[in-house]
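This structure is in structure tokens; I'll ask about it shortly.
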Amino acid sequence: MRQAHVLNVGVIGGGFIGTLHARVLYEISMSRLVAIADIDETVVKKAAEQFGCDSYAKYEELLQRDDIDAVYICLPDRHHVEPAVAAARAGKHIFMEKPIARTVREAEEIKSQAEKNNVRLMVGHLLRFDPRYAQLYQRINRGELGEIIHMRVKRQNPKFIHGRLKGRTSMLYYVGIHDIDVMLWCAREKVTEVYAKKVSKVHDEDCVFALCTFGSGAVATLEFSWSLPERFPTGIWSEMEVVGTQGAAWIDNCEQGLKVCTNGLSFPDCYLWPEYNGQRMGDLRNESMHFCDAVLHEKEFLMPTDDAITAVSFIEACFESMDKGKPVSL
């Protein structure tokens, strides 16, 4: 039964991030988790029992339901286009896990189908819902730092992240996309040139470093790696630095204010999707609450689709630069 001011949602993809989204949608008051779909029937049946929803082995069956208003697409990035197009044609609003797609051409196709079928589309760039990055953006936008001179973003992960993915995607899509988006968001101007290099000693990608130039002449460096030791005390070590003509700002996500030492030292997550008081909280919850509220009340998304496409365009330029061994223009 439909309830007023509640968004009925289906989740496509029952992996790590799909299950996290399903739990948040189950817990927040403005959504009702109707069903979850995944080719691994064991996974979705377990999720269905946990969240009291229906389960499907094929997402096409989920899309046939009239009582579903929106879908969360939480599949690997190489499988985004087909279910997104199908969801749009079924008239379902779409939340798409980052990145929107692997190429600008695919991303434009998803956007086009959403517009053609009059459905809302939001890409889940999580850092826009993190209070630290949101405050940094607001201060830059208010002019508190003056004109940007240079920026730096860094995201490093332990080796087990690459091992879990088994080479199925690039670190630029899987982790780097977060910092690429927030860098472009805060810079508020277009990149004109990118020079990227990678190192391959253990895996095809051990690290990717890039230098980019903006239209104003400001520069930014980007550092991405999944080569940290397996037992590194946190799964993510990310930083951001912005230096302007009137001030500077820094974000350091390695230590988040909580340290725990049992068999070894660890720095638990306190922002992305921490669990306390029996619920998943943090940025992921903020993101879903924003999506549901915007769809239900016809508000603008904080994450424009064109920004998500621009981030993919930046990644394409990085790959082109690495292949050619020289800077490329955007």
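The values are calculated or read from the model by the stated rules, or taken from the named source; none is laboratory data. In this text, all values refer to a predicted model and were calculated from it rather than measured experimentally. Cβ coordinates were reconstructed from backbone atoms using ideal geometry, including for glycine residues, and neighbour counts include every protein chain displayed.
Hey, can you tell me all the residues within region 133-149 that are outside any loop (DSSP other than H, G, I, E, B) and either touching a Gly at 6+ places or on another chain (Cβ under 9 Å) or among the hydroxyl-bearing types (Ser, Thr, Tyr) (or both)?
Keep residues of region 133-149 that are outside any loop (DSSP other than H, G, I, E, B), which gives 133-141, 148-149.
TYR133, TYR137, ARG139, ILE140, ILE148, ILE149, listed by residue number.
Restricting to region 213-238, name every residue that is over 21 Å from the mean Cα position of the chain (by Cα), outside any loop (DSSP other than H, G, I, E, B) and hydrophobic (A, V, I, L, M, F, W, C).
If the condition is that a residue be over 21 Å from the mean Cα position of the chain (by Cα), outside any loop (DSSP other than H, G, I, E, B) and hydrophobic (A, V, I, L, M, F, W, C), then PHE214, VAL219, LEU228 are the ones that fit.
What about VAL153, is it buried (at least 21 other Cβ atoms within 10 Å of the Cβ), among the aliphatic types (A, V, I, L, M) and touching a Pro at 6+ places or on another chain (Cβ under 8 Å)?
Details: buried (at least 21 other Cβ atoms within 10 Å of the Cβ): yes; among the aliphatic types (A, V, I, L, M): yes; touching a Pro at 6+ places or on another chain (Cβ under 8 Å): no.
Judged against the criteria, VAL153 is not a match.
Take region 259-278 and flag every residue that is exposed (fewer than 14 other Cβ atoms within 10 Å of the Cβ) and touching a residue at least 12 places away in the same chain (Cβ under 8 Å). Let's see the steps before the verdict.
Start the filter on region 259-278 by keeping residues that are exposed (fewer than 14 other Cβ atoms within 10 Å of the Cβ), which leaves 259-265, 275-278.
Correct list: GLY264, LEU265.
I would also like to ask the following. Determine which single condition GLN135 fails, assuming it passes every other condition in (1) over 20 Å from the mean Cα position of the chain (by Cα); (2) without any contact (Cβ under 8 Å) to a residue 40 or more places away in the chain.
Here GLN135 clears every test but (1).
Looking at MET303, MET281, MET289, which one is under 26 Å from SER170 (Cβ atoms) and either touching a residue at least 40 places away in the same chain (Cβ under 8 Å) or of a type outside the set (Gly, Ala, Ser) (or both)?
Working: MET281 fails: under 26 Å from SER170 (Cβ atoms); MET289 fails: under 26 Å from SER170 (Cβ atoms).
Matching residue, one of MET303, MET281, MET289: MET303.
Can you pull out the residues in region 239-272 that are in a loop (DSSP other than H, G, I, E, B) and within 23 Å of GLY124 (Cα to Cα)?
Of all residues in region 239-272, those in a loop (DSSP other than H, G, I, E, B) come to 245-247, 253-259, 262-264, 267-272.
Within region 239-272, ASN253, CYS254, GLN256, PRO268, ASP269, CYS270, TYR271, LEU272 meet the criteria.
Return the total of residues in region 183-212 being charged (D, E, K, R) and assigned to a strand (DSSP E or B). Explain how you work it out, then say what you get.
Quick first cut of region 183-212, residues charged (D, E, K, R) only: 188-190, 193, 197-198, 201, 204-206.
From what is left, the residues that are assigned to a strand (DSSP E or B) are 193, 197-198.
Going through region 183-212 one residue at a time, the tally reaches 3.
Residues are listed down the side, and each one gets a yes or a no for (1) surrounded by 19 or more Cβ atoms within 10 Å (Cβ to Cβ); (2) polar (S, T, N, Q); (3) not assigned by TED's automatic domain parsing to the domain that holds CYS212:
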| position | (1), (2), (3) |
| --- | --- |
| PHE291 | yes, no, yes |
| HIS297 | no, no, yes |
| THR305 | yes, yes, yes |
| GLU316 | no, no, no |
| GLU320 | no, no, no |
| LYS324 | no, no, no |
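Would you mind stating whether GLU97 is of a type in the set (D, E, K, R) and either at positive phi or in contact with a strand residue (DSSP E or B) (Cβ under 8 Å, 6 or more places away or on another chain) (or both)? Don't jump to the end; show me each part of the working.
Working: of a type in the set (D, E, K, R): yes; either at positive phi or in contact with a strand residue (DSSP E or B) (Cβ under 8 Å, 6 or more places away or on another chain) (or both): yes.
Against the criterion (of a type in the set (D, E, K, R) and either at positive phi or in contact with a strand residue (DSSP E or B) (Cβ under 8 Å, 6 or more places away or on another chain) (or both)), GLU97 qualifies.
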